Amino acid sequence: DVKVTQSSRYLVKRTGEKVFLECVQDMDHENMFWYRQDPGLGLRLIYFSYDVKMKEKGDIPEGYSVSREKKERFSLILESASTNQTSMYLCASTIMGKEQYFGPGTRLTVT
Amino acid sequence: DQQVKQNSPSLSVQEGRISILNCDYTNSMFDYFLWYKKYPAEGPTFLISISSIKDKNEDGRFTVFLNKSAKHLSLHIVPSLPGDSAVYFCAASAWDNYGQNFVFGPGTRLSVLP
């Protein structure tokens, strides 16, 4: 069974703080993704990575950066958290040509 | 501009009846389509998929239909059960220079009433 884990289920941060969200998958998948989910907007792609040290911007990369130093780990960084980054953050991984496997999500609140 | 649309934000169905969830897409480069189910405070879980070379795929109570000319797909759940109550996301996939990419619709909240 594929397992995708995320470092925190719930997180509360203050405006201006640097925030790290970590994602780990255990199935040797090449591709990893970070999305945010907001009501009525579905899942919007922030960044994705198709290999170690490789990253590509998704649809809404502003205010975020990512790091992929190891194949199994994909980190999302909010350089200076803002209230409009309050959201559910979802990490996913996939092997090419197949469906994505999602982590349980991190509910981030920025106050 | 949304490439994948789910025009019904919510749907209520009686237990035992059929649920039909609809999805429309605009990009003709999409060649693989998926449905995910999401419960509150959990990540989406994969339900069923269909390749663009097919027009129907069935898995137990779940059937996905694809009409390429209309750029439309639908998910049928028969019979609907209370445990099916969740948000359903339609997703479409295409390949670009970096590999496979996925675009999600906004979701439809299905409520199955006992």
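Annotations for the structure displayed:
- Restricting the first member to the stretch A:69-88 and to residues that are under 16 Å from A:TYR47 (Cβ atoms), and the second to residues that are in a helix (DSSP H, G or I), the beta-carbon pairs closer than 9 Å and six or more apart or on different chains are A:LEU78/A:GLN85.
- Looking only at the stretch B:50-70, residues that are open to solvent by 50 Å² or more (accessible area, probe 1.4 Å), in a loop (DSSP other than H, G, I, E, B) and of a type outside the set (Lys, Arg) come to 5 in all.
- The residues of the stretch B:81-114 that are open to solvent by 20 Å² or more (accessible area, probe 1.4 Å), over 21 Å from B:GLY16 (Cβ atoms) and outside any strand (DSSP E or B), listed by number, are B:ASN97, B:TYR98, B:PRO106.
- In the stretch B:71-80, of all residues being open to solvent by 40 Å² or more (accessible area, probe 1.4 Å) and part of a loop (DSSP other than H, G, I, E, B), the one that is farthest from the other protein chains (Cβ to nearest Cβ) corresponds to B:PRO79.
Residues checked against (1) away from every other protein chain (no Cβ under 14 Å); (2) of a type outside the set (Gly, Ala, Ser); (3) over 30 Å from A:VAL52 (Cβ atoms):
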| site | (1), (2), (3) |
| --- | --- |
| B:PHE62 | no, yes, yes |
| B:SER69 | yes, no, yes |
| B:ASN101 | no, yes, no |
| B:PHE104 | no, yes, no |
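- Residue, most open to solvent (accessible area, probe 1.4 Å), within the stretch A:40-59, restricted to residues that are under 12 Å from the mean Cα position of the chain (by Cα) and closer than 19 Å to B:PHE89 by Cα: A:ARG44
- Search result, residues across the stretch A:45-85 that are part of a strand (DSSP E or B), within 19 Å of B:ASN97 (Cα to Cα) and not charged (D, E, K, R): A:LEU45, A:ILE46, A:TYR47, A:PHE48, A:SER49
- Hey, A:ARG36 within 13 Å of chain B (Cβ to nearest Cβ), closer than 25 Å to B:ASN7 by Cβ and out of contact with any His (no Cβ under 9 Å at 6 or more places or on another chain) or not: yes
- Residues in the stretch A:86-111 that are in a loop (DSSP other than H, G, I, E, B) and either open to solvent by less than 10 Å² (accessible area, probe 1.4 Å) or closer than 20 Å to B:PRO44 by Cα (or both): A:THR86, A:ILE95, A:MET96, A:GLY97, A:LYS98, A:GLU99, A:GLN100, A:GLY103, A:PRO104, A:GLY105.
- Any chance B:LEU47 is open to solvent by 30 Å² or more (accessible area, probe 1.4 Å), of a type outside the set (D, E, K, R) and facing chain A (nearest Cβ under 10 Å): yes
- Number of the exception - B:ASP24 against (1) touching a Lys or Arg at 6+ places or on another chain (Cβ under 7 Å); (2) assigned to a loop (DSSP other than H, G, I, E, B); (3) charged (D, E, K, R): (2)
- Looking across the stretch A:23-44, the residues that are in contact (Cβ under 8 Å) with a residue 60 or more places away in the chain and not in a loop (DSSP other than H, G, I, E, B) come down to A:CYS23, A:GLN25, A:ASN31, A:MET32, A:PHE33, A:GLN37.
- Out of B:TYR25, B:TYR39, B:TYR32, one residue alone is of a type in the set (Ser, Thr, Tyr), buried (at least 17 other Cβ atoms within 10 Å of the Cβ) and either in contact with a helix residue (DSSP H, G or I) (Cβ under 8 Å, 6 or more places away or on another chain) or more than 9 Å from chain A (Cβ to nearest Cβ) (or both). It is B:TYR25.
The values are calculated or read from the model by the stated rules, or taken from the named source; none is laboratory data. Remember, predicted model here, so these are calculated numbers, not experimental data. In this analysis, Cβ positions are derived from the backbone assuming ideal geometry, glycine residues included, and neighbour counts consider all displayed protein chains. These accessible areas exclude ligands, DNA and RNA; they are computed on the full protein's heavy atoms, side chains included. Shrake-Rupley method; radii C 1.70, N 1.55, O 1.52, S 1.80 Å.
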